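Asks: The structure under discussion is supplied below as structure tokens; questions concerning it will follow.
The values are calculated or read from the model by the stated rules, or taken from the named source; none is laboratory data. This structure is a prediction, so every number in the text was calculated from the model and none was measured. So basically every Cβ, Gly included, is an ideal-geometry build from the backbone, and we count neighbours across all protein chains shown. Only protein heavy atoms, including side chains, enter the accessible area calculation; ligands, DNA and RNA are left aside. Shrake-Rupley method; radii C 1.70, N 1.55, O 1.52, S 1.80 Å.
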Amino acid sequence: MRPANQVFANLGTTIFTVMSALSAEYGAINLGQGFPDDEGPDDVRAVAAKALIDGPNQYPPMPGLPALRQAVAASNKRFYGLDVDWLKQVLVTSGATEALGDCLMALLNPGDEAIILEPAYDCYKPIIEAAGAKCVSVSLEPPHWTLPVDNLAAAFSDRTKLIVLNTPMNPTGKVFTRDELQLIADLVLKHDSYAVCDEVYEHLVFSGHRHIPLMMLPGMAERCVRVGSAGKTFSLTGWKIGYITGPENLMVPIMKAHQFVTFTTMPATQTAIAYGLGKDDDYFHSLASSLEAKRDILAQGLKEAGFDVLPTDGTYFISADFRPLGFNGTDEEFCRDITMKAKVAAIPLSAFYADPTTAPRHLARFCFCKQDEILLAAGKRLMEYAENRKP
């Protein structure tokens, strides 16, 4: 029989599935997958419940409900000073992953090249390759995830159609600085390229740092599409509501891609997110500050257990170097070991590289968007694990 699409047919079981199954088998605290363990704001959920009863419950407009598209445009202006035409420059999608897929399918042609910065969210590469384009990886340098300027410049060429930029960055927690963004913008302009900006953690940025959309920089509004996520902003990951902002000339093909992927998104949840984006500043400040406190709880537990903890300035995630514990195996072996023995699950950082053999193999990623008592218990279990390893 003829083979299926080789990109997807050749993909193995993801490490997230493997580690979650192992976590369930051993009754471990699962700090691998990045989703909160609460149910999101009561008022936002109440608006969705009312909209579900009141309707409409039939197909909403393909680009999204006007109320949500207007709210996304207003949010761009409120937080970043970006002037956005909600009719022509905003699209609602069924989650940010769909949004990324729409953008990459709409902008890439076979033979194009797309640059990703590693460690990278795992959907970028297969979508790029399924579009017939070549994925070019540039690795950031731990422990501070420094942008390797010379390597990045060398990755750009006349074949570069776009760069995928994730800031704040999963899995590192890095928030790119204005100077780093300017370097990227200069290369995009020099090579007549575009930028697909994955900014789903835009409101999860911690003290001393600021999220700056690449779209804000001179010359970038015409070359950037910006992806946001209601799931991350309102701790409602199961709702799968994403949105794209971009210039009209890029949004036209992106909307056409969306039309043939999901066409539209559940109207009741769109209504609720439109309401949520209008919440006062206290909500957005408290969201970031509460997650920062959780980061600090887990970071302290990891340090007390003996890990070297890497800096994280945003997102749900923190990485730690396990070599001080005397573990000399790979990161995947370590994550399996702590899941079975400490009963705490994490994700090996090499899973976020196109070629794991070029990745650092001494780092594990932990998720801290959990209840405080869960994070404290995880720290205690890891400390006991480390104590048991001592000769």
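Asks: Just one of V18, V44 is closer than 27 Å to I244 by Cα and in a helix (DSSP H, G or I); which is it?
Replies: Values: V18 fails: closer than 27 Å to I244 by Cα.
When all the criteria are applied, what remains is V44.
Asks: Just the residues that are open to solvent by less than 10 Å² (accessible area, probe 1.4 Å), over 19 Å from V225 (Cα atoms) and of a type outside the set (S, T, Y), please, taken from the range 157-195.
Replies: Matches in the range 157-195: P171, G173.
Asks: So, of the residues in the range 56-97 that are assigned to a helix (DSSP H, G or I) and β-branched (V, I, T), which turns out to be nearest to E222 (Cα to Cα)? Outline the logic, then answer.
Replies: Residues of the range 56-97 assigned to a helix (DSSP H, G or I): 66-80, 86-89, 96-97.
Narrowing further to those that are β-branched (V, I, T): 72, 97.
Values: V72: 18, T97: 22 Å.
So the residue we want is V72.
Asks: Shifting gears a bit: Within the range 90-102, is even one residue farther than 30 Å from F8 by Cα, in contact with a Lys or Arg (Cβ under 6 Å, 6 or more places away or on another chain) and not polar (S, T, N, Q)? Steps first, please.
Replies: First, pick out the residues of the range 90-102 that are farther than 30 Å from F8 by Cα: none.
Checked the range 90-102: no residue is farther than 30 Å from F8 by Cα, in contact with a Lys or Arg (Cβ under 6 Å, 6 or more places away or on another chain) and not polar (S, T, N, Q).
Asks: Quick one: in the range 1-45, which of the residues that are free of Cβ contacts under 8 Å to residues at least 12 places away in the same chain and open to solvent by less than 90 Å² (accessible area, probe 1.4 Å) is farthest from the chain's Cα centre (by Cα)? Reasoning before the result, please.
Replies: Filtering the range 1-45 for residues free of Cβ contacts under 8 Å to residues at least 12 places away in the same chain gives 1-4, 6, 9-10, 12-13, 17-18, 21, 24-25, 42.
Remaining after also requiring open to solvent by less than 90 Å² (accessible area, probe 1.4 Å): 4, 9, 12, 17-18, 21, 24.
On the way: A4: 28, A9: 24, G12: 21, T17: 17, V18: 20, A21: 22, A24: 24 Å.
This residue is A4.
Asks: Further question on the same structure: Looking at the structure I just gave you, is A96 small (G, A, S) and in contact with a Gly (Cβ under 8 Å, 6 or more places away or on another chain)? Lay out the reasoning, then the answer.
Replies: On the way: small (G, A, S): yes; in contact with a Gly (Cβ under 8 Å, 6 or more places away or on another chain): yes.
Judged against the criteria, A96 is a match.
Residue by residue, here is whether (1) closer than 14 Å to D313 by Cα; (2) among the small types (G, A, S); (3) in a loop (DSSP other than H, G, I, E, B) holds:
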residue	(1), (2), (3)
F176	yes, no, yes
Q182	no, no, no
G231	no, yes, no
Y243	no, no, no
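Asks: Please verify whether T146 is of a type in the set (S, T, N, Q), free of Cβ contacts under 8 Å to residues at least 12 places away in the same chain and within 23 Å of A364 (Cβ to Cβ), treating the condition exactly as stated.
Replies: Working: of a type in the set (S, T, N, Q): yes; free of Cβ contacts under 8 Å to residues at least 12 places away in the same chain: yes; within 23 Å of A364 (Cβ to Cβ): yes.
So T146 fits the description; yes.
Asks: Determine whether E222 is closer than 27 Å to L291 by Cβ and of a type in the set (D, E).
Replies: no
Asks: Out of all the residues in the range 306-314, is one or more open to solvent by 10 Å² or more (accessible area, probe 1.4 Å), aliphatic (A, V, I, L, M) and not in a helix (DSSP H, G or I)?
Replies: yes
Asks: Within the range 272-304, how many residues are closer than 20 Å to R69 by Cβ and crowded, with 22+ Cβ neighbours inside 10 Å?
Replies: 5
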